[in-house]
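Structure first, then comments.
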Protein chains: 2
Amino acid sequence: MKALSRKEEIISTASHLFKEKGYNAVTMRDIAEAMGMKAASLYNHISSKQEILATLILEVANEFTRGMNAVISDVSSPLEKIQTIIEMHIDITVNYSEGLAALNNDWMHLENDHLKAFVKMRTDYEENFRTIIKQGIDSGEIHARHPEVILFSILSTLRTLYVWYQKRGKLDVNVLKKDMVAVFLNGIVNKH
Amino acid sequence: MKALSRKEEIISTASHLFKEKGYNAVTMRDIAEAMGMKAASLYNHISSKQEILATLILEVANEFTRGMNAVISDVSSPLEKIQTIIEMHIDITVNYSEGLAALNNDWMHLENDHLKAFVKMRTDYEENFRTIIKQGIDSGEIHARHPEVILFSILSTLRTLYVWYQKRGKLDVNVLKKDMVAVFLNGIVNKH
DNA sequence: TGACAAAACTAACGTTTGTTAGCTAGAATT
DNA sequence: AATTCTAGCTAACAAACGTTAGTTTTGTCA
C-alpha cells in the first residue's frame, strides 16, 4: 500500500464523485469539499478539471489495451482467448472500478487529443475482439451466429459490471469469473 | 405517423441531444437552437428542463413495467419468460432508443418523486426477473449458477443495446432477437 | 377585418461554473 | 538564519446556466 500523492488523492476523490453523478454534475467545489479544502487550492496540484478526467480514463483504457495485446500475442485457441478476456475485464473492474465508470459514462467529455486517443483505443480493442470471435466461428469452435451479437453481448456485460459488482455484497471474484465464463460459453440452459 | 405536438417535438429533440452528451451537458439553449428557436420560447411549451427528463425516462420505465407485468402473469415456463423478456427489451430498444439512453445514463438526475418512482420501478423489475431465474433453477431448467450473474449478464446487455443498435447498420430485428436469445440460452460454444 | 390565443421574441435576473491572481503559514533546503 | 518550496487560503473574474417578465409576431375564426 504505497502512499498516494496529493494529486492522486484528488483524482481518486473526484473519481468517486464522477461515478455517482457524472463528470458534468460534479463541480470543482464538490471535489474540494470532499478533500477538505477550497476549490482554488486544487489547482496547486492539477491543471484543470479536464486533466482529472483524462488521467482517469486513459489509465484504464491503457490497461485494457495492454491486456488485449497480451491476449492476441498468446498462443491459444479463440475460446481460450475469450475466456482470458472475460477474466481480464473482471480483474480490471475490481481494481479500477471508478475509472471504469468514467470511461463508460463520460468519455465523450474528453477533449481534442485525449478524445481521439481514447476513441482509437476503443475501436482497436473492439476490432481485435471481433477478429477473435470470427476466428472461433471459422474454426467451428463457436456457433455460427452473427459475430456482432456475440461481441456486444459479452462486451456490454463486462463494461457494466462495475455498476453492480460493489452493490451486491462482494461476490467472490473467482466465483464471478467462473460463472460469467460459463454463462457466455455454455449458456444458461441445463441440457439433460 | 401522427403529428407531434410542439411539446413532444421539444422532448424528442432534447432526447437526441441527451443521448449524445448527457443531461447536464445539454443546455436549454442547445435544445432551443436544435429546434430553431430561442431558449425562452421553450417555456411556452414545457415547464422546466427537469420535466423533459422525467417525461422521457418515466415513459420508458412504464413501458418496461407493463411488459414485465404481462410476462409474470403469463402461464409459461421460466425459460419461455426469459425469452419473452429479451424480445421485449429489443422491441423497446428499437422504439424508444433515446428514452432508453436517458434512462440508463441520467436517471440519477431525476428529482424528488420522479426519482423515487423510477427507483421503485427498477427495483421491482429486477426483483421480478430474479424470481423468474430462481424458479428456472429450482425446476432444473436453468443451470445452478449464481442467479445474480445470470440476471446481470442478461440485463446489462439488454440495457446497453441502444448504444449499439443504430451504430451497426440496422441489423434486422428478428435476426437480433433470435441470436441474442440463442447466445444467452445456449452460449457461444458449438457442441455439435 | 378585428379579436384572441398561441408561440415566438428581447432583455435581463440571480446563480453557479471553472479558473486566475495574489497572499500566507509552515516545512525543507541552503 | 536566510531562502525557497509546498500547499493551503480569500477574493474575484468572465462566461454560462435555468428561468422569468414583458412584448411582438403569427395564425385562426367570428
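Just the residues that are crowded, with 19+ Cβ neighbours inside 10 Å and without any contact (Cβ under 8 Å) to a residue 60 or more places away in the chain, please, taken from region A:72-84.
Answer for region A:72-84, where residues must be crowded, with 19+ Cβ neighbours inside 10 Å and without any contact (Cβ under 8 Å) to a residue 60 or more places away in the chain: just A:K81.
Can you tell me which condition A:E141 does not meet? The list is (1) in contact (Cβ under 8 Å) with a residue 12 or more places away in the chain; (2) facing chain B (nearest Cβ under 9 Å); (3) crowded, with 21+ Cβ neighbours inside 10 Å, and all the others hold.
Unmet condition: (3).
B:T123 - would you say it is at pLDDT 95 or above, surrounded by fewer than 19 Cβ atoms within 10 Å (Cβ to Cβ) and either among the small types (G, A, S) or within 18 Å of the chain's Cα centre (by Cα) (or both)?
yes
Could you run through region A:142-192 and say how many residues are within 18 Å of B:K134 (Cα to Cα), at pLDDT 85 or above and of a type in the set (G, A, S)?
Residues flagged as within 18 Å of B:K134 (Cα to Cα), at pLDDT 85 or above and of a type in the set (G, A, S) within region A:142-192 amount to 1.
Quick one: is A:L56 more than 16 Å from DNA strand D (Cβ to nearest atom), farther than 29 Å from A:V183 by Cα and touching a residue at least 12 places away in the same chain (Cβ under 8 Å)?
yes
When only residues in region A:30-54 that are in contact with an Asp or Glu (Cβ under 9 Å, 6 or more places away or on another chain) and under 16 Å from A:L103 (Cα atoms) count, which is surrounded by the most Cβ atoms within 10 Å (Cβ to Cβ)?
A:L53
Could you count how many residues in region B:84-113 are of a type in the set (D, E) and within 12 Å of another protein chain (Cβ to nearest Cβ)?
Number of matching residues: 1.
More than 19 Å from the chain's Cα centre (by Cα) and either crowded, with 19+ Cβ neighbours inside 10 Å or not acidic (D, E) (or both): is that true of B:L151 in this structure?
Spelling it out, it is not the case that B:L151 is more than 19 Å from the chain's Cα centre (by Cα) and either crowded, with 19+ Cβ neighbours inside 10 Å or not acidic (D, E) (or both).
Scan region A:64-83 and give yes if some residue there is farther than 30 Å from A:S139 by Cβ and away from chain B (no Cβ under 14 Å), otherwise no.
no
Go through region B:20-40 and report how many residues are β-branched (V, I, T) and more than 14 Å from every other protein chain (Cβ to nearest Cβ).
Number of matching residues: 1.
For region A:160-169, which positions are outside any loop (DSSP other than H, G, I, E, B) and facing chain B (nearest Cβ under 7 Å)?
Across region A:160-169, the qualifying residues are A:T160, A:W164.
Which members of region A:93-120 meet the condition of being buried (at least 19 other Cβ atoms within 10 Å of the Cβ) and free of Cβ contacts under 8 Å to residues at least 40 places away in the same chain?
A:Y96
Considering each of B:V183, B:V149 in turn, give the residue that is touching an Asp or Glu at 6+ places or on another chain (Cβ under 6 Å), within 10 Å of chain A (Cβ to nearest Cβ) and either farther than 21 Å from B:L58 by Cα or not small (G, A, S) (or both).
B:V149
Would you call A:Q83 under 20 Å from the mean Cα position of the chain (by Cα), among the polar types (S, T, N, Q) and within 16 Å of DNA strand D (Cβ to nearest atom)?
no
Select from region B:1-19 the residues that are crowded, with 20+ Cβ neighbours inside 10 Å and within 14 Å of another protein chain (Cβ to nearest Cβ) and write down the one among them that is farthest from the chain's Cα centre (by Cα).
B:F18
The values are calculated or read from the model by the stated rules, or taken from the named source; none is laboratory data. These numbers were taken from a predicted model, which means no experiment stands behind them. FYI the Cβ positions are ideal-geometry reconstructions off the backbone, even for glycines, and counts take in every protein chain you see.
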